[in-house]
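Data block below; observations after.
The values are calculated or read from the model by the stated rules, or taken from the named source; none is laboratory data. Model, not experiment: these values are computed from the prediction. Every residue, glycine as well, gets a Cβ built from its backbone with ideal geometry; the counts of neighbours run over all protein chains shown. When the accessible area is computed, the model is the full protein with side chains, heavy atoms only, and any ligands, DNA or RNA have been set aside. Shrake-Rupley method; radii C 1.70, N 1.55, O 1.52, S 1.80 Å.
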Amino acid sequence: SSVGIMIFICILFVSFYLEMTQRMMEQKERDFLIKSAYTDELTQIHNRRCCMEYMTKLKEQKNFEYTVICFDVNNLKTVNDTFGHARGDVLLKSAAEVLEKTFGEQGFVARMGGDEFVAILRTVEEVRIGALIERFLRNVSQKNRAVRDLNMSIAYGYACGSQNSSDIEKVYQKADDNMYEKKKQMKG
């Protein structure tokens, strides 16, 4: 009878172990699927879906100020057509690294698709935004020196808003319009 109890305890132990292993594997799979749904595959930063949900959450909060900065990688099509998509991918990954390095700790960074990125910062202070833009430009220069023949150029534009005064989609559109003005200046 004591042998039977030992066998029963061993079966319970093995059963418990197998059940816990199964749960851990299911949780890892769930975590992977969630990460995949909200992460840009190429750059490994947040994707458009994640950004849209982040904006929705911001709209629900009270009394906050924010800045939306839109970015567009210049000459991606030319790089893809001339040097191939692998080189274009290096350009996009480099841009994502620079944006995450510059703005990641200050707010939210995402790839919106193609050559477009966004950063959403929890500040409207011009001095702070100006300092971050300067840091961004320095980081672009550093990345160009670090990666041979990268020649990365990124147009940007920003707009500020608050929960009380404007809709974040309108602020995003204004930042995007400002970015396209900057892009024209960079080409001209």
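The table that follows gives values for the structure above.
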read-out	value
Single residue of the stretch 145-188 satisfying the filter (without any contact (Cβ under 8 Å) to a residue 40 or more places away in the chain and farther than 17 Å from Phe71 by Cα) that is least open to solvent (accessible area, probe 1.4 Å)	Ser166
The stretch 1-50, subset in contact with a helix residue (DSSP H, G or I) (Cβ under 9 Å, 6 or more places away or on another chain) and in contact (Cβ under 8 Å) with a residue 24 or more places away in the chain, residue surrounded by the most Cβ atoms within 10 Å (Cβ to Cβ)	His46
Selection within the stretch 62-91 - of a type outside the set (Phe, Trp, Tyr), in a helix (DSSP H, G or I) and open to solvent by 10 Å² or more (accessible area, probe 1.4 Å)	Leu76, Lys77, Thr78, Val79, Asn80, Asp81, Thr82, His85, Ala86, Arg87, Asp89, Val90
Boolean, Ser94 is among the hydroxyl-bearing types (Ser, Thr, Tyr) and in contact with a Leu (Cβ under 8 Å, 6 or more places away or on another chain)	yes
Residues satisfying the stated conditions in the stretch 92-130, i.e. open to solvent by 50 Å² or more (accessible area, probe 1.4 Å) and among the basic types (Lys, Arg)	Lys93, Lys101, Arg122, Arg128
Criterion (more than 15 Å from Thr43 (Cβ to Cβ), assigned to a helix (DSSP H, G or I), in contact (Cβ under 8 Å) with a residue 40 or more places away in the chain and in contact with a Phe, Trp or Tyr (Cβ under 9 Å, 6 or more places away or on another chain)) met by exactly one of Ile120, Ile129	Ile129
Condition met for Arg23 (basic (Lys, Arg), outside any loop (DSSP other than H, G, I, E, B) and more than 22 Å from the chain's Cα centre (by Cα))	yes
